[in-house]
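Presented below is the structure to which this report refers.
Each reported figure results from applying straightforward, stated rules to the coordinates on display, with no laboratory input. Note that the structure is a prediction, hence the values are computed from the model and not measured. Reconstructed Cβ throughout: ideal geometry from the backbone, glycine too, with neighbour counts over all protein chains shown.
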Ligand SMILES: NC(=O)c1ccc[n+]([C@@H]2O[C@H](COP(=O)([O-])OP(=O)(O)OC[C@H]3O[C@@H](n4cnc5c(N)ncnc54)[C@H](O)[C@@H]3O)[C@@H](O)[C@H]2O)c1
């Protein structure tokens with residue numbers, strides 16, 4: 001039980017990698033607030049986990065809204081009385097060449113993928129000041145390298161990588177016991193990733209698109225959401241007490257080539 005006594009917020013916890021992280025964290029004894037803008041999926045997930053004996057509640061949240069963040073932190077303190085872990089996982093993809101990317105599209109991606117984690121970090125700090133904490137920012141392998149059609153998304157994720165490092169150094173230097181790290185998944189098989197792969201390989205069948213992508217990965221296959229969740233549990237736990245400001249890839253070797 002590696003997260004016994006810890007309380008966490010997981011944004012985008014209603015599906016995909018976020019939901020896998022919620023499941024893995026409650027399995028290790030954490031109490032978790034699922035913060036997501038999808039009320040139906042979020043309530044369902046929290047209800048199912050609570051019925052199985054886990055400490056899990058849902059809080060409606062659009063990560064781009066400072067008011068929603070205030071409400072989510074209020075929920076975790078009311079329900080669990082403490083807060084140690086924030087997983088900034090909510091994010092949206094965009095596949096579009098720069099020429100066809102409108103300013104509105106660009107800002108929508110930045111606002112969810114970069115403003116969201118910034119607002120989250122700011123909102124949780126007062127609650128973590130005394131007991132300490134770990135903030136895990138879900139960036140992407142796309143936050144480390146460029147790719148055609150990915151300017152908005154990869155820029156937002158590259159920004160999140162440096163937001164993590166700045167926050168890590170700032171907090172450590174000021175004696176604030178809050179660690180901040182970014183994680184960089186490669187292709188992870190969630191519904192949303194499946195749609196993004198198909199959009200990026202327009203003109204190919206979904207099976208062919210998946211085969212083409214898998215061929216680019218040294219381990220020869222996409223990752224599974226639980227394989228990212230395991231890294232999140234490690235960074236949330238005290239096993240990673242000396243790790244801050246780090247960027248950890250979980251990508252089957254893709255960025256090592
Ligand atoms: N799946 C991959 O291959 C992959 C690879 C690298 C990085 N990532 C990153 O991992 C994270 C999760 O990806 P996923 O594939 O599980 O996606 P997903 O679409 O399955 O899940 C995203 C969740 O975030 C929620 N969400 C979206 N916008 C929100 C907002 N404004 N406020 C609150 N909640 C919001 C959605 O409702 C959904 O539940 C994202 O940040 C994504 O960029 C995914």
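Quick look at the values:
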| quantity | calculated |
| --- | --- |
| Choice from 132, 149, 175 with maximal GNM fluctuation in the chain (Cα, 10 Å cutoff) | 175 |
| Residue of 147, 123, 14 that the Gaussian network model of the chain assigns the largest fluctuation, springs spanning Cα pairs under 10 Å | 147 |
| Length released on extending from residue 214 to residue 4, taking residue separation times 0.36 nm less the Cα-Cα span | 71.9 nm |
| Degrees separating the helix 225-236 axis from the principal Cα axis of the chain, which is the longest one | 40 |
| Length gained when the stretch residue 99-residue 194 is fully extended (0.36 nm per residue, less Cα-Cα span) | 31.8 nm |
| Cα-only Debye scattering, the chain: base-10 log of I(q)/I(0) at q = 0.08, 0.15, 0.16, 0.17 Å⁻¹ | -0.29, -1.04, -1.19, -1.33 |
| MRE, 222 nm, helices only [DSSP H, n ≥ 4, -39500 (n - 2.57), over the chain, to nearest 500] | -14000 deg cm²/dmol |
| Compactness of the stretch 188-257, expressed as Rg and Dmax over alpha-carbon positions, Å | 14.8, 47 |
| Residue 44 versus residue 246: modelled label distance in nm, points set 7 Å from Cα along the beta carbon direction | 3.6 |
| Diffusion constant of the stretch 139-257 at 25 °C, which comes from Stokes-Einstein with the Kirkwood Cα-pair radius and 0.890 mPa s, µm²/s | 159 |
| Using alpha-carbon coordinates, inclination of helix 191-200 to the longest axis of the chain, degrees | 30 |
| Residues of the stretch 121-154 with amide N under 20 Å of the 7 Å Cα→Cβ point at residue 107 | 151-154 |
| Normalised contact order of the chain, rounded percent, pairs of Cα under 8 Å and 6 or more residues apart | 19 |
| Hydrodynamic radius by Kirkwood, which averages 1/r over all alpha carbon pairs of the stretch 126-196, in angstrom | 13.4 |
| Distance histogram in 10 Å bins (all Cα pairs of the stretch 8-117, percent per bin) | 15, 46, 25, 10, 3, 0 |
| Angle in degrees between helix 116-128 and the longest Cα principal axis of the chain, rounded to the nearest 10 | 20 |
